[in-house]
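Participant: Got a structure for you, questions after.
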Amino acid sequence: MRQHLFRFVFTAAASSVLLACGGGGGTASITPDSPSTPSLSGVAAVGAPLTGAAITLTDSKGAQKTTTADDNGNFKFNDLTGMTGPFQIMAVMNLGERTVSHYSLVASVSGAQTANVTQLTSAFAALLNSSGVLSSLTPEQLAALTPDQINQAKQKILTTIQPLTSKIVTGTFDPVSTPFAANGTGADLLLDHLDLTVRANQISLTNKMAALGDSTDATSATGVIPKSGNPTPISDDSTTSTSGFEVLQKAFETCFKLSAAQRAVVTNASTATLAAECDALATADYLHNGQNIKMRWIKAFKFDKFNANTPTSADVKQTKFLRPEVRLRISSSPEIIAVNIHFNDTDGNSYTTPELIKKMPDGSWKLYGNQRGMNAFVESQLNYYQDLSKAPANSNYNNINFSRIDSGFRFYVDPRTAFDANGTPDNSLAVDYTTLTGYKSGTAAYFSAIKAAANVSPTRPFFKCAVITGPGRMVNSKWMGIYPDGLVLKVPLSSAVQDYVAIDRRLSSAEKAALETAASMGTAYSSRPAISGGFNICGSNTTGLSYPTTTTSASNYTVEVEALTNQTHPFTGQTDAGINGRDVKWNTGARFARVAPDTSLAKEFDSNPVFTYYIIDTNNKVAQKYTTRMLGELPPVSQAREIMEKKLSSQMDVNVLKNYLDFQGSGATNNTTSVSAKWTTEANAFGADLIGFYSEIQKAKPGEGLRSKFAADPQSRVTTSRDNGSGNVVYGTTTNGVFTYGETTLWESDPDLAVDLDALPGVNFWWRWSDFARSKSISATACNPQGSNAGSNAPSTNALVTSQNVGVARSTKEFNGTTLAKTYYGVDQLNSSDTCLDWGNGAGTNAYLHREVWLRTYTDKNVRFYSYTANKSFR
């Protein structure tokens, strides 16, 4: 994950009954006004207080008041005279690296009342909102609400969580009007236990303290509340205490009151010593994704803008650590909870570091880590992809535009890992404590460089590829979710650093059986067999490299996808059918499920789903096998559309898009190594934390592409081979006159697709003979020379593709003249004679430039959300 760091019947008469003291945590620290003055005060919290949250009160006529929550989440609106109910209260803040918004509804106010804002108040507010995302009501919607509607929604919530409420909160409890303090007791402890998920037709509340471990069954931990109908209460009433979280919070502040030089003393590239106050944050056996506590936090320890001392001037903010935010209870014996550690720097920028903390015998909590030797995880991702590309005049190409919204997972593995004689991951080859990040800098951090270091005595096996499996199943001849036999992940050829893996292909059932046999973790590594049966799951080494690579570059797998149609073109402001996306049937290959999730699979994806990684090394052994739970949910694809339509994420300025993407207008910027951007972010929107620039020049050759099949089939177009949908031509063999494909791909699993595709006019363009273009090497006189001088005069090995990003603080709205590490390719490069199309297998006759500008953010549920705008120019 690319993070900043190293990466929730109410009438005036009824309120007098519901205000019974029973929150278990005391009352808010703000003193109410006299009963005759209408006022509201409360606490904004998700368990952890929403420190410094912007609080907005809106009445049914649109009148507003604003205030700010204090360090404990307390807020107050002193005098509401003249305002008209119902009222909505919205609390917005950057909770670490994501923007969190919560809502509360109050029918009317008479005198001094309590109105809290939490995920529970958001839950009943969401029941009264038709939206599939957590969002505000308009004044008109507020005015239409009745006290009975608000009360009925609240009662549904109370019914759903009653098994937990009865164990945690003493006395009468109302999520809005019961006073409490955000200190981990009473009502606040209840918030530590509950997570809210919002969908268009229902909401759900999950008990985060149901210790799930590696079990995939989370049904009993989740209560479902339809927006029309009766709720299904939570049946797993597991509870635990978060007492002591504040002590860990204070321990962080104690460490960061030391100067950066005192926190970590670096003596050389491989050695660093932590101050006792900082070392005390973690257990002695701390391990997280292959990192000890020094490596995990070295960037923060060394950064002088993390300073918990009193600021020296009024314009410098003190670094504050928030009370840890609960994500999921991992284990009950020992007690281990996954949390987010949120903090800020002295410039006010917010940060998040996910951690696992362990309860010690004395009742304190310490950082413990996930005890995993490699950096390998899964996170959910939403994409909104607006492609402005149109096919060239008279080209007859029919798959030019990619406009779509999709929902899926990002699979991450850092391949820069060697293994010792016991098969234990060794990440020391990448470490350099003297750098700003704690990792080697520049080319020394490249996969190839670290792999070369592993071949120096003593030599050791190294990462070769990975296989991942997860929730998914076959439906007739198609599959929903993750392909049931698994996916093969390799380092991408197009990346210089190669610090991630990309999805290469699907695994066959026979390969999966052999992999499972070899992965028996009860066998010591030294005697563990290589993968048998003649299977070479990772494939052969790439020419010129001592390891296999993939020509794909995407690490995300799409579970659900919809084409975007009849979009508003950002340059013209007009609805434009010419930029309609492709039908779902075109989304083929190893990165796509063929069927959208049904209700049961969608529920599994919403409940911290479990995945398994198999790490294969250069001895063709399964060096490591990890079962990992993704902490969070996978939203439906419709949520991406709603986020963009309601402007719940940052929006790129149209003039910026024109500057880089308007090939048909005044002309987009050509080859450049300097970029600028400007964007807007609404008050309750998810602010961008990363701006990206991507370009590629693809060589191409018009052809049947995806539709090409063997001649024996009635829907054939090509007689000798066909493309498997991923850009590679797959050949087969003929035995006794029977043709067998080289692998089981789209045609065998999705036969009805051929009929649909063959009915389309035109050709497919780049899925036939697809590959990146390359530039000439310094000595090259031709792009594909023949004879004895071909080697030295051949094109360079660097593909004409670049993917670069600029990290930004959520509070910023622009940057100017940022220098890129590599050229952002433009039309001049596309049309240059230096751009080679006719080298290697599958020589191209045509080419296109594809450019993207994108923004990334994290939603309130830790979902990576990307909004892309793209366009193509053709040669």
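Participant: Calculate what fraction, in whole %, of the accessible area of the chain sits on carbon and sulfur atoms when a 1.4 Å probe is rolled over the protein chains.
Facilitator: Using a 1.4 Å probe with all protein chains present, the chain comes out at 49 percent carbon and sulfur.
Participant: Here's something else I'd like to know. Let me spell out the model: positive unit charges on the Cβ of Lys and Arg, negative unit charges on the Cβ of Asp and Glu, origin at the Cα centre of region 548-687. What dipole size does that give, in debye rounded to 20?
Facilitator: 360 debye
Participant: Compute the signed sum of charges (Lys and Arg +1, Asp and Glu -1) over the other residues within less than 14 Å, Cβ to Cβ, of Thr673.
Facilitator: Counting the neighbours of Thr673, the net charge comes to 0.
Participant: Here is a follow-up. Please list, in chain and number order, the residues 5+ apart from Tyr439 or on another chain whose amide H is under 5 Å from its amide H, with Hs placed from the backbone.
Facilitator: Amide H neighbours of Tyr439: Asp432.
Participant: Need one number: the % of Cα-Cα pairs in the chain sitting beyond the 35 Å mark.
Facilitator: Percentage above 35 Å: 54.
Participant: I need the peptides 772-782, 862-872, 515-525 ranked by packing, meaning the mean over residues of other C-beta atoms within 10 angstrom, with the highest value on top.
Facilitator: For the peptides 772-782, 862-872, 515-525, the packing ranking is 862-872, 772-782, 515-525.
Participant: Once a ≥ b ≥ c are taken as the square roots of the eigenvalues of the Cα gyration tensor of region 612-708, is the result rounded (a/c under 1.5), prolate (a/b larger than b/c) or oblate (a/b not larger than b/c)?
Facilitator: The shape class here is oblate.
Participant: Check which residues have an amide H placed less than 5 Å from Ile330's amide H, if you skip close sequence neighbours.
Facilitator: Result for Ile330 returns Ile336, Ile337, Ala338.
Participant: Over 5 Å intervals from 0, what percent of Cα-Cα pairs in region 135-276 sits in each interval?
Facilitator: Using 5 Å bins, I get a P(r) of 2, 8, 13, 15, 14, 11, 9, 8, 7, 6, 4, 2, 1, 0 for region 135-276.
Participant: Sum -39500 (n - 2.57) across every DSSP H segment of at least 4 residues in the chain, then divide by the residue count to get the 222 nm mean residue ellipticity, nearest 500.
Facilitator: After summing the helix terms and dividing by the residues of the chain, the value is -4500 deg cm²/dmol.
Participant: Same structure, new question: Peptides 431-437, 349-355, 828-834: what's the order by average Cβ count within 10 Å, highest mean first?
Facilitator: The most tightly packed comes first, giving 349-355, 431-437, 828-834.
Participant: Looking at the chain, what % of its DSSP beta bridges pair antiparallel, to the nearest 5?
Facilitator: 90 percent
Participant: Which ³J(HN,Hα) values, rounded to whole Hz and listed in residue order, are derived for region 689-697 from phi using the Karplus coefficients 6.51, -1.76 and 1.60 in 6.51 cos²θ - 1.76 cosθ + 1.60 with θ = phi - 60°, glycine and proline given as x?
Facilitator: Taking θ as phi minus 60°, the curve returns 10, 8, 10, x, 9, 10, 9, 8, 10 Hz for region 689-697.
Participant: In debye, nearest 20: dipole of region 301-343 around its Cα centre with unit charges on the Cβ of K, R (+) and D, E (-)?
Facilitator: In total the dipole reaches around 60 debye.
Participant: Net charge near Phe686, counting Lys/Arg +1 and Asp/Glu -1 over other residues with Cβ under 12 Å of its Cβ?
Facilitator: +3
Participant: Just the accessible area per residue of the chain, please: how many Å² with a 1.4 Å probe?
Facilitator: 37 Å²
Participant: Quick one: which residues, 5 or more positions from Trp479 or on another chain, have an amide H under 5 Å from its amide H? H modelled 1.01 Å from N in the peptide plane, none for Pro or chain starts.
Facilitator: Amide H neighbours of Trp479: Arg594, Val595.
Participant: In the chain, if the dipole is taken from +1 on Lys/Arg beta carbons and -1 on Asp/Glu beta carbons about the Cα centre, which of Gln498, Thr869, Thr618 is farthest to the positive end?
Facilitator: Thr618
Participant: Further question: Sorting check: for 531-537, 237-243, which peptide has the highest mean count of neighbouring beta carbons within 10 Å, and how do the rest follow?
Facilitator: Descending mean neighbour count gives 237-243, 531-537.
Participant: Also, I was wondering about something else. Kirkwood hydrodynamic radius (Cα pairs, Å) of region 582-655?
Facilitator: 16.2 Å
Participant: Could you compute the net charge surrounding Ser364? Neighbours are other residues with a C-beta less than 13 Å from the C-beta of Ser364; K and R count +1, D and E count -1.
Facilitator: +1
Participant: I've got another one for you. For region 515-588, what relative contact order do you get, as a whole percent, if you take Cα pairs closer than 8 Å and at least 6 residues apart?
Facilitator: So the answer I get is 17 percent.
Participant: Then there is this: Just to check I understand the Karplus step: with θ = phi - 60° and J = 6.51 cos²θ - 1.76 cosθ + 1.60, what whole-Hz values come out for region 42-58, glycine and proline as x?
Facilitator: x, 10, 9, 7, 10, x, 6, x, 8, 4, x, 4, 7, 10, 10, 9, 10
Participant: Sticking with this one: Step through the residues of region 103-115 one at a time and calculate ³J(HN,Hα) from phi using the Karplus curve (6.51 cos²θ - 1.76 cosθ + 1.60, θ = phi - 60°), rounding each to whole Hz and writing x for Gly and Pro.
Facilitator: Computed from phi, the couplings for region 103-115 are 9, 9, 10, 10, 5, 7, 10, 9, x, 8, 10, 9, 9 Hz.
The values are calculated or read from the model by the stated rules, or taken from the named source; none is laboratory data. Treat the numbers as computed from the prediction; the structure is a model and nothing was measured. FYI the Cβ positions are ideal-geometry reconstructions off the backbone, even for glycines, and counts take in every protein chain you see. These accessible areas exclude ligands, DNA and RNA; they are computed on the full protein's heavy atoms, side chains included. Shrake-Rupley method; radii C 1.70, N 1.55, O 1.52, S 1.80 Å.
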